[in-house]
Every structure is written in structure tokens, then in C-alpha cells.
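Here the structure comes first, spelled out in C-alpha cells, and everything after it is commentary.
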Protein chains: 2
Amino acid sequence: MKIKHLIMFFVAISIAQIGMSQTSSTSVVEDFKPSSVNQPGKQYPQVNSEGRVRVQISAPEAKLVQLDIGAVKYNLVKDEKGVWTGESAPQDEGFHYYQLNIDGASVPDPGSLYYYGASRWGSGIEIPAKDQDFYALKDVPHGQVREVSYFSKINNAMRHCFVYTPADYDKDPKKRYPVLYLQHGGGENEYGWASQGRANFIMDNLIAEGKAKPFIIVMDNGTWTRPEGARPPQGERPAGQWPPKGWADVFMKTLLEEIIPMTDANFRTLADPQHRAMAGLSMGGMQTRVITLANPDKFSYMGMFSGGSISMEDLQESPGFKGKMKLVFISFGSRELENRRQGFGGDPKANTEALKQAGMNAHFYVSPLTAHEWQSWRRGLYQFAPLLFK
Amino acid sequence: MKIKHLIMFFVAISIAQIGMSQTSSTSVVEDFKPSSVNQPGKQYPQVNSEGRVRVQISAPEAKLVQLDIGAVKYNLVKDEKGVWTGESAPQDEGFHYYQLNIDGASVPDPGSLYYYGASRWGSGIEIPAKDQDFYALKDVPHGQVREVSYFSKINNAMRHCFVYTPADYDKDPKKRYPVLYLQHGGGENEYGWASQGRANFIMDNLIAEGKAKPFIIVMDNGTWTRPEGARPPQGERPAGQWPPKGWADVFMKTLLEEIIPMTDANFRTLADPQHRAMAGLSMGGMQTRVITLANPDKFSYMGMFSGGSISMEDLQESPGFKGKMKLVFISFGSRELENRRQGFGGDPKANTEALKQAGMNAHFYVSPLTAHEWQSWRRGLYQFAPLLFK
């Protein structure tokens, strides 16, 4: 295995997590508007045309209140009524997690809606993007997002997933559909793709425009529990292989032996490998890589958003993969590639080019001016979905 | 109209909202466990066998941190590491909203899951109840909760609702189902019933035990926007009629002209008045009262949980109601009745008894030792559902 690449990947994460503290510059464009993902009736947080985030909170007795976004803490300023206000530097277009710090306590902003990321439910904000139309909630036929509860013998626990069914699913009770199994990233959960990921609206819009075939999407929880003490302190080099061999085994078993059979039993699926795809972001991309390489007879399409790539060495280790996989889709945010955050298996563009040269249907997409964040993954899905089940 | 009762109802709300500040007594039973609705992996908040809520948060620079639950603020105590801890007095069994106050800022507890109530997404906690089995997530056949987006011409906006379909809904594509339209309370939204209300698990369990017929539940947003400045300051008596005449008109129109037709078009419903019920809690009960009295030809079953009652005077004003409504269900928490919080139309028990004497199928249920809170409404639904569509 490619231990040096694994190390590079996690060192890159650590570097990104090192925070800084600063106050924003004074030249701020005063055209702030409430964020599109505020709680009903809340005036803050706000966003301006530069992509700055302005927050406001009443904390009359506090000594220090900060906005914590993009690994930077910005000091707010208190007025005579005890209301604190301040803004960040411009942020990338798209969705960002953030929090407030009040005298040392890290808490959600009471003005925002909440999303699960960074292993906690917390505040999120949308920076309007030039291409936001593709994930906008529009007056087109809408699919449903169904919350499904089921008992897992493998995990000896009740589990929970979301299933997107396209708008025409309930029109013809005989029609059957292909299925995409779509995974979230590390520190996220099964809510991500149909919430901050807007996967349902991306699909509704693509299908309404005739750009993608209607298919079912299953979004389950792929969270991997680290062995106690397995991960070294931040910034230190992991000892030996990281993540440890077999880290994806429990989810692979759950997916193959429980989630897929449950989906095929309860939804009108085309229950064969020719109509089954898997994709994921970051950790979910790494899981997609491990699971499809180990099971090329069970999937025909695969996508990895900011989660590494497939190398020629991988093809050698998984002889069935090259012949059976009708699509390999690899994407990253441009800022990840600038930062040499490439995940498993070396340079993803060169790897994908090599797959093409070897005769595979391999696609490489770079999201402009975005990092390891949801705007990259929304765009990844938007590029990936039209290539599926053709 | 019964203005004096309306005034009594809203004055009762105002009294309940007057907060107090106190520190809990020292005789606390030390058997606290993490709440069942904590975020994954979070150790706090915790609940003990007395029903006390203990919270903990790191806020090294803070001067005063409080737990705000049940309209009482409890001061926390700081340790040498800057971690604040403290607990409330015993709470009623069931679900409660709460928040933290950090140096004057009211924020969600970063340890809890979040729920919409009191007009904001915020922290919630479960006090284990002796009868919690009826709303527990168990290994029984589970229905789905489907998130549905649609365009409303009446409101000129995209709207959003949840639809519960029973476990056998997708087994037989020819079977059709009755429908219950189930409304949340004031300051809540369409998420409430299938989240903190646990309506889906209540139904799954009832159906699995053969105690209720399978039916569809539609949970939409009935929020009524108050005219600007219409509501007087807390504690003052509203001038004239409150709420103003016609306050439920827009939701009534949306329900009758858009939500019901959309449901009948997209789900396999029995689309006649004999198979249509409406119910709601608090404001949703008041809406159920107004809408079913005005449209007795469109519904056959109705329920009001902590939202008033139906009087003989109501029957006189709505001549079709008595003959067409197959069930009138009225419920309250016992502590509401102790506090004389009775909602519209006078004493609800006497009113319901009068309906029975007049020959109607009227039921009156009192939830033991609970107030105007979700445990009363879960129990209300649990009593109501078996009476429907018989």
C-alpha cells in the first residue's frame, strides 16, 4: 500500500486545521443580506457581495466574542447595548460550517440553521455562487427524500438512512430504477448530501432539464469508528499504516449485506450490478475506492469527490475492475490540488489520464476556486450524475 | 365569539413564560446518564432518575453561565479548568426545549440535538418516561417519513411538508389509505411531529401491535404570521378579539386547495371525507377547530391536543358538524387543567361531556402529570390514532 500518500493526506488535513486569529480589514462593502440558510425571521448571519460573513449576537456581559470560520477566528466588536458584531474575510462561494466563541465557549450561532459536520451539529452559511442555479430549489417536479429506519444485525443496532426517489417514482408502479449509493465525508453523516449537499435539488433540476436519467439515491451512514487511541496527536506522523488495514470492512459488509438488499426489497430498483453505482466525498470517496475495487462485480459506476483516485497499481490488484467498471469519475476542488491535497494513490489527474490511456471511461473534474468543501462536492455530483446509467 | 376565553388562554401563556432564576438544591441523586437525544459521542447534557437535567460546557473566560429550562434559569458552577457544570430541578417526563446563557448570550447547548420550538432551532432533552415504550424506536416494521417540496400559488412560495407512509405502503401498489392532517403548535413547524413528537414511531408501534389501522399522516407548516404589532406586550390584555377574526384563513385555504389535492394526487389516498381526519396541538388544535367547524363536509374525524374544545355553541354555529364528524377527540396535560389553561370555548371536559350527551362520539383524555408540552401531545396521538377510520 501507498503509505507515503496516506501520510501526505492526513498531514494536509492537519495543516488545514491550524487556526489563526485576526480582525477583518476595514474596507468592507456594505451590501450585507441575511444568509439564505438563516432560521425563519432571523436577520443574522449576513453575507455581502465579497463573500464576507457578518454575525451578530447579544452578549452584554461577555469579554470576547469571535466568529470562527474557515479555521480563522475573527474578533467581534461590542456596542453600547451589549450586542457584538463583526465579519470575516471573503469566503469561497458555497456552503461553510462555522461557530461562535463566547468567552471561550464554542457554540452554534442562534441565527443559522444547523448542519452535521466536523463531528457536530452546528452553524452553516451559504455564500451565493455564480453557478448556484444548478442546486436551487425551483418550481420543477420534485422527488422525495425518504427517511428510513431499519435494524442492522451486523451492527446490532437500529440504523437510519435517506433515500431520494425521483419525481416520477410514484407515477408508474411498474417502473424500476437504477441506484446510486452516495456517501458523506468524515465527521459528517447521512444527513449531509440531502441537506447542505442539496443532492435532491441537483437531481430534480438535472432530471427536469433532461440532463440525467432518473435514479434512486441511497444515503446511509458510513462513519468509521477509530480504534481507541489509534490516531496520533494532530501534526504527528501516524505510526505505520493509516488508516489501519480493514478500516472500511464493517461499512462494506453493512452496505453489501444489509443496505443494498434492503433497498432492493423496499424500492423498485433495477437490482443488478449494471444499474448500481457508488460514490462519495472525502472519506466516502475513500470508502468507494476500497469497496468498488474489492467488489467490481457488484457496481458498474464509481465516483470519488475529493477522496483520492484510482491508479494503474489499483487495477493490477483488482483484475475485474477494469473490465466491469463503466465509469470512473474523479474530482477535486482546485484549491485542494494547489495545496497538493490529493488523497490516496498519487497525482489524481495523471492517474485518471492513465486509466483513459488504458481504455477506461475515466473522467477528471476540477471545481474552480473551491477547496475541500461542499461546493466542490455539489459540482462533482452535478458533473457525475449525467454520466450514470447511460 | 368567546373573547373572555381567548384572553384567559393567552394570559395563561404569558404567566407560564415569566421566568425565575435559581440554583438547584444540594440533594441531587448522582445517577446521571447522557440524554438519549445527545449528539453522537457527547457526554452532556445528562439526566438523572429524578428528572434533573445536568449540563456542562467549557467557557474559561465567562463570568456567568446558566441553564435555562422550563422558564427557570439555573446558575452553573465553574471548575479550575474553566468548565461549567450544573443541574435543574426535576422536570416532567418527556421532551423539553432548553438553552444555555453565557454572559448574557442565549445559545444552543453544543451537546444536544436541535429541535424547532419557541420560534427557533434549539436544544432539546428527553426525560425518560415510565410509558416511553409506546414511542420508542423498536425493531418493528417501519413506515417512511417523506420530505416533499412543492410550489404554492396561494402563498407564492415553495413549501415543504413531511408525509408519513405506513410500513406496508410500498407492498401493494393498489392499496389506498386514509389520511390524517396533523398540525404543530405556535412557534413550531412541520418538523415537530416526526421529530420530538415521534409520531412515526408511535404509529409504527401501534400498527405493529394491531392497535391502529395503517394511515398516511401529512405534516405541513401552519405558521400564522401575526399582523405587525398586533400582539400586545407580554402580560397585557389584548385589545379586542384575539387572535383576530380570520387568523386561520390563509392556512385553511392552503390546506383545502393545495395540500389536500397535492396529497391525493401524489399518494394512494382514499380521497373522500369519510377517510380524512385533522388534528393538531395548541395552535394546531385551534386551527383544527376553526377548519373542521367551517368544513364539516370535508373531514370525518378531528382531534385537539391542548388546543381548546368544541362547545354546544360551536355545534349551533356549524350545523353540519354534529351529523358528519364521526369523532371529536379533546386532550390536555393534567397540569394545564390545574392551571386553568383550557383554550377556546370554556371547560373542555364539560364541553366534551355535553357533546356525548348530544349523541356525538366524543372523547376526553388527560395526560397524567404533564403540562403544555410534547409528552402530553405524544400521549394524545397515542390515544387518538386507534379511534380513527374504524
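The values are calculated or read from the model by the stated rules, or taken from the named source; none is laboratory data. Computed from a predicted model, the values in this text were never measured in an experiment. Every residue, glycine as well, gets a Cβ built from its backbone with ideal geometry; the counts of neighbours run over all protein chains shown. For accessibility, only protein heavy atoms count, side chains too; no ligands or nucleic acids. Shrake-Rupley method; radii C 1.70, N 1.55, O 1.52, S 1.80 Å.
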Is there any pair with a first residue in the range B:94-108 that is within 7 Å of another protein chain (Cβ to nearest Cβ) and a second that is acidic (D, E) and open to solvent by 10 Å² or more (accessible area, probe 1.4 Å) whose Cβ atoms are under 9 Å apart and which are 6 or more apart or on different chains, and what are they?
B:I102/A:E61; B:D103/A:E61; B:D103/B:E61; B:G104/A:E61; B:A105/A:E61; B:S106/B:D68
Quickly run through the range A:150-163 and pick out the residues that are over 18 Å from the mean Cα position of the chain (by Cα) and either away from every other protein chain (no Cβ under 12 Å) or crowded, with 21+ Cβ neighbours inside 10 Å (or both).
A:I154, A:N155
For the range B:109-135: of the residues being acidic (D, E) and away from every other protein chain (no Cβ under 14 Å), which is nearest to B:R379 (Cα to Cα)?
B:D131
Is it the case that A:I217 is assigned to a helix (DSSP H, G or I), among the β-branched types (V, I, T) and assigned by TED's automatic domain parsing to the domain that holds A:S376?
no
What pairs can you find where one residue is in the range A:376-390 and more than 12 Å from A:A277 (Cα to Cα), the other is part of a helix (DSSP H, G or I) and acidic (D, E), and their Cβ atoms are less than 9 Å apart, with a gap of 6+ or different chains?
A:S376/A:E336
Considering the range A:41-84 alone, what residues qualify as being under 20 Å from B:L100 (Cα atoms), part of a strand (DSSP E or B) and open to solvent by less than 50 Å² (accessible area, probe 1.4 Å)?
A:V55, A:I57, A:V65, A:Q66, A:L67, A:D68, A:V83, A:W84
When you scan the range B:65-84, how many residues do you find that are in contact (Cβ under 8 Å) with a residue 40 or more places away in the chain and within 14 Å of chain A (Cβ to nearest Cβ)?
4
Consider the range A:344-371. How many of its residues are touching a Leu at 6+ places or on another chain (Cβ under 9 Å), surrounded by 18 or more Cβ atoms within 10 Å (Cβ to Cβ) and in a loop (DSSP other than H, G, I, E, B)?
2
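Return yes or no: is A:A208 within 13 Å of chain B (Cβ to nearest Cβ) and either crowded, with 23+ Cβ neighbours inside 10 Å or β-branched (V, I, T) (or both)?
no
Within the range A:162-170, is even one residue touching a residue at least 60 places away in the same chain (Cβ under 8 Å), under 28 Å from A:G303 (Cα atoms) and in contact with a Ser or Thr (Cβ under 8 Å, 6 or more places away or on another chain)?
yes
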Determine, yes or no, whether B:E313 is out of contact with any strand residue (DSSP E or B) (no Cβ under 9 Å at 6 or more places or on another chain), within 23 Å of B:P368 (Cβ to Cβ) and either open to solvent by 10 Å² or more (accessible area, probe 1.4 Å) or in the same structural domain as B:A358 (by TED's automatic domain parsing) (or both).
no
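Residues of the range A:41-83 being under 32 Å from the mean Cα position of the chain (by Cα), among the hydrophobic types (A, V, I, L, M, F, W, C) and over 27 Å from A:A199 (Cα atoms), which ones?
Result: A:V55, A:I57, A:V65, A:L67, A:V72, A:L76.
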